[in-house]
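The values are calculated or read from the model by the stated rules, or taken from the named source; none is laboratory data. Note that the structure is a prediction, hence the values are computed from the model and not measured. Heads up, the Cβs are rebuilt from the backbone with ideal geometry, glycines too, and the neighbour counts pull from every protein chain shown. Just the protein is used for accessible areas: all its heavy atoms, side chains included, with ligands, DNA and RNA removed. Shrake-Rupley method; radii C 1.70, N 1.55, O 1.52, S 1.80 Å.
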Amino acid sequence: MRRSVVLCGATILAAWTSAIITRAERALLPAASTPIGTPSTEHLAAPSTQHRASSTELAAPSTAPAAQRNLINDFCVTCHDNDKAKGGLTLEAFDPALAGKNAEIAEKMIRKLRSGMMPPAGANRPEPGTLEALAAGLENRLDAAAAARPNPGRRTFQRLNRAEYANSIRDLLGIDVDVAAFLPPDTVSHNFDNIADVQLISATVLEGYLRAASRISREAIGDPDAAPGSATYRVPRTAAQLAHAEGAPFGTRGGVSIVHNFPADGEYSFRMMLHSIPTGQLYGSTTRGEQLEVSIDGSRVAVLDINPRMSESDPNGMNLQTPAIAVKAGPRRVAAAFIQRFEGPVDDLLAPVEQTLADTQIGSATGVYTVPHLRDLAILGPQKVTGVSETPTRRRIFVCRPLTAAEDRDCATRILTTLARQAYRRPLSSGDVASLLRFYDEGRERKGFENGIRIALQAMLASPHFILRLEDAPANVKPGQNYRISDIALASRLSFFLWAAPPDAELVKAASAGRLKHPVVLEQQVRRMLADPRAAALAGRFASQWLRLQDLEKIHPDPLLYPQYDHTLADAMVQETERLFEHIVRSDRDVLELLTADYTFVNDRLARHYGIPNVVGPGFQRVPLIDPNRRGVLGHGSILTMTSVADRTSPVLRGKWVLEVLFGSPPPPPPPDVPDLNETKTASGSRLLSVRERLEAHRADPKCTSCHKVIDPLGLALEHFDVTGAWRIKDSFVAVDASGQLFDGSKLDGPVALRAALLRHRETVLRTFTENLMAYGVGRRVTHDDMPAVRTIVRHASASGNRFSSFVLGIVKSPAFQMSKADVSN
């Protein structure tokens, strides 16, 4: 195995160097994608320069540059002069008539004006119509300047991140791989892990791709020389262990159920580790007669008795292990689960703790009234390898079988051509196939036909043509000149945007024929792709990162205060938010339903947490929301929990989330010497201060006042939701006070008022959504140069009821998506 890694690494390193360092992208791409010139871009969605009706309705003097300059002097320069320059912004020399030459400053002004954040609350403010006219005037000049000098931005190359790599392997070979075992975590920039300019190719990353190629090629083909190894699947500590694990046989509870790819026919053993309590004894030792079942593809292969007296001091510790079991090669469903001994608690006081292991920390040090919990499952082997059986992946790879030695090379050519065409996401050149056949020849000479295919497949998976998304510039393009990307590159941009996966055969066919650039064909493909199940990636990838759902993993509510919170509940919370977004995508709904939806998606576990009746079973279902406070993502447990801390809510984190995610205006970081929000008592010492009372004391510090006046009212409006998103009416034995005043002067008293305030600034919310969707879609940071296009997209989408597809189509038709700028260093 080590030799094959070195083989591919040494041979492919030159190709990597050529692709990344010497800018030889044209040499790496086939003749089929040679320069396409710079055709007309009339159909691209260029920024609209038409005057907005809202601004024409305002008083004419307010739109004149001179009047706007006076307005800035009267209401802005007080804080943004050369001396104070609050927020790092000075406006003394800013001329509204020349906004196009100072686009970065002008866009900052527009963002603050549109959101109602400037002038700040408490300061002198002109009439709202006057501020609207100022923003509209700046926008019109910026949009006109952008139309005259378009800048689509530039992205050199983009490598597959973890998710895209896993999806590409699944599409190509039909197997799931643990990419985290090979590749380092992706760098997140501007909320997303697919931003090209931070996707550096380090020695560590390159080595990870090489190791992954070696391992995956062996798993795909099968490995008759497989050495014994191990793979461990861990169960989250707070996962529910009374519920049935999806994929496990009925009649079992808890445990784990996974799909494991066995590399060869042989004998394997399965080791299960159970949880212990702090003193080393079995967790749940008071229960008797517990058994653990191991099954493969739903069939029981072993049942192990659990000794309630087992402890960490035993020779095998907390481990149970099966004898050797014969297993055929290929992906198989493996489950290790407890045999169900009861259907539900018969006594609420003595029922096993369903959700958590919290009782080991709240007095039940011996684990009384609980059941054993599985910690992890390890699969060991193979031993006594007998060969490699046919698997779905092998049938996908071996589209032919040579009957004689003379047929070997023709069959190998057919196999490698079929695989490489899909792996490289484009038509192949003769050089592509010849390169792979050289690897095949070396492998075949050593160990036969299948080994030759494996070595060639390994080279294919380690190739820059697979790992990098290279976009070739036409040969006649001058440095710094805009050009349209090829249809093949457009197909990849489109598929990784909507599916986080490679383009399918239909999309590649349209691109290869040169038809994808045509507006009608492009829109047909976009709508087809949005209707495809793979578009669920927009929820699991885009929405999850935009809404910061990954932050929920960092929050662990205090089990003393919130014993009902566990990994199973947290997972349901994330699914609720992702399913809402997926529904908006699939049903092409108004994206503002993220804030206003009077329905949600819950299973029985989450429904109990919210107090929603008549929901049974682990499956998610759509339910109406009677309580208006729970509507939209502001009522989702995922958002509310991840913006809390372990033992209390955090209006600061919740307000900061609203500013960053919905308004696109993150507050400045706090000064380094600002103290934490400490837990304190009332003057009499009779009770702890509520979060609001502690925050008011904290805000009394002059260093904190200006920022907290903006942040806190947003978060306090959600104070009726506790750390885990459950509704409450008291905090520290006093009634929750959710009142406050938004930076634009709006009165807030809870989630309903906050939602109404956000909808009054819907233009800002929609622009922020579009900015994020565009950054994710084009794989680069959105800058002030992109904002005219963002405004155009939002304006057109508003005319269609803010349907999700309108935003996607607007981005896909934009110059930022279909064009690029030649490297000035060429």
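Is one or more of the residues making up segment 241-260 of a type outside the set (V, I, T), over 28 Å from D571 (Cα atoms) and either open to solvent by 50 Å² or more (accessible area, probe 1.4 Å) or out of contact with any Gly (no Cβ under 9 Å at 6 or more places or on another chain) (or both)?
Within segment 241-260 (the criterion being of a type outside the set (V, I, T), over 28 Å from D571 (Cα atoms) and either open to solvent by 50 Å² or more (accessible area, probe 1.4 Å) or out of contact with any Gly (no Cβ under 9 Å at 6 or more places or on another chain) (or both)), the answer is no, since none of the residues qualifies.
Across segment 308-328, what is the total count of residues that are modelled with pLDDT of 95 or more, of a type in the set (S, T, N, Q) and open to solvent by 80 Å² or more (accessible area, probe 1.4 Å)?
1
Tell me, which residue of segment 164-204 that is of a type in the set (V, I, T) and buried (at least 21 other Cβ atoms within 10 Å of the Cβ) is nearest to the chain's Cα centre (by Cα)?
It comes out as I195.
Okay, residues lined up against (1) within 21 Å of the chain's Cα centre (by Cα); (2) of a type outside the set (S, T, Y):
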{"residue": "E553", "(1), (2)": "yes, yes"}
{"residue": "Y562", "(1), (2)": "no, no"}
{"residue": "L569", "(1), (2)": "yes, yes"}
{"residue": "H583", "(1), (2)": "yes, yes"}
{"residue": "L592", "(1), (2)": "yes, yes"}
{"residue": "I612", "(1), (2)": "no, yes"}
{"residue": "F620", "(1), (2)": "yes, yes"}
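Report, ordered by the first and then the second residue, all pairs with beta carbons closer than 6 Å, sequence separation of six or more or different chains, a first member in segment 550-576 that is within 14 Å of P618 (Cα to Cα), and a second member that is surrounded by fewer than 16 Cβ atoms within 10 Å (Cβ to Cβ) and modelled with pLDDT of 95 or more.
none
Any residue at all in segment 132-143 that's surrounded by 17 or more Cβ atoms within 10 Å (Cβ to Cβ), basic (K, R) and either without any contact (Cβ under 8 Å) to a residue 12 or more places away in the chain or touching a strand residue (DSSP E or B) at 6+ places or on another chain (Cβ under 9 Å) (or both)?
No - not one qualifying residue is present in segment 132-143.
Based on what the data block shows, is L490 in contact (Cβ under 8 Å) with a residue 40 or more places away in the chain and surrounded by 17 or more Cβ atoms within 10 Å (Cβ to Cβ)?
The answer is yes for L490.
Out of curiosity, is S544 part of a helix (DSSP H, G or I) and either under 17 Å from L809 (Cα atoms) or open to solvent by 60 Å² or more (accessible area, probe 1.4 Å) (or both)?
When the stated conditions are applied, S544 does not pass them.
Within segment 549-575, work out how many residues are buried (at least 17 other Cβ atoms within 10 Å of the Cβ) and within 19 Å of Y776 (Cβ to Cβ).
Counting residues in segment 549-575 that are buried (at least 17 other Cβ atoms within 10 Å of the Cβ) and within 19 Å of Y776 (Cβ to Cβ) gives 2.
Sort out which residues of segment 798-826 are open to solvent by less than 10 Å² (accessible area, probe 1.4 Å) and in contact with a Lys or Arg (Cβ under 7 Å, 6 or more places away or on another chain), and write them in order of number.
Correct list: F804, S805, F817, Q818, S820, A822.
Of everything in segment 601-648, what is of a type in the set (S, T, N, Q) and in contact with a Ser or Thr (Cβ under 8 Å, 6 or more places away or on another chain)? Give them in sequence order.
Matches in segment 601-648: S638, T641, T643, S644.
Which members of segment 391-405 meet the condition of being part of a loop (DSSP other than H, G, I, E, B), open to solvent by 40 Å² or more (accessible area, probe 1.4 Å) and modelled with pLDDT of 95 or more?
If the condition is that a residue be part of a loop (DSSP other than H, G, I, E, B), open to solvent by 40 Å² or more (accessible area, probe 1.4 Å) and modelled with pLDDT of 95 or more, then V399, R401 are the ones that fit.
For segment 411-448, give me each residue that is more than 31 Å from the chain's Cα centre (by Cα), charged (D, E, K, R) and open to solvent by 20 Å² or more (accessible area, probe 1.4 Å).
R414, R438, D441, E442, R444, E445, R446, K447
Results for (1) part of a helix (DSSP H, G or I); (2) under 30 Å from L461 (Cβ atoms), shown as yes or no for each residue.
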{"position": "T130", "(1), (2)": "yes, no"}
{"position": "A135", "(1), (2)": "yes, no"}
{"position": "D143", "(1), (2)": "yes, no"}
{"position": "A146", "(1), (2)": "yes, no"}
{"position": "P150", "(1), (2)": "no, no"}
{"position": "D176", "(1), (2)": "no, yes"}
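Residue-by-condition table, conditions (1) within 31 Å of the chain's Cα centre (by Cα); (2) surrounded by 22 or more Cβ atoms within 10 Å (Cβ to Cβ); (3) modelled with pLDDT under 90; (4) not aromatic (F, W, Y):
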{"site": "E104", "(1), (2), (3), (4)": "yes, no, no, yes"}
{"site": "E107", "(1), (2), (3), (4)": "yes, no, no, yes"}
{"site": "P126", "(1), (2), (3), (4)": "no, no, yes, yes"}
{"site": "G153", "(1), (2), (3), (4)": "yes, no, yes, yes"}
{"site": "R162", "(1), (2), (3), (4)": "yes, no, no, yes"}
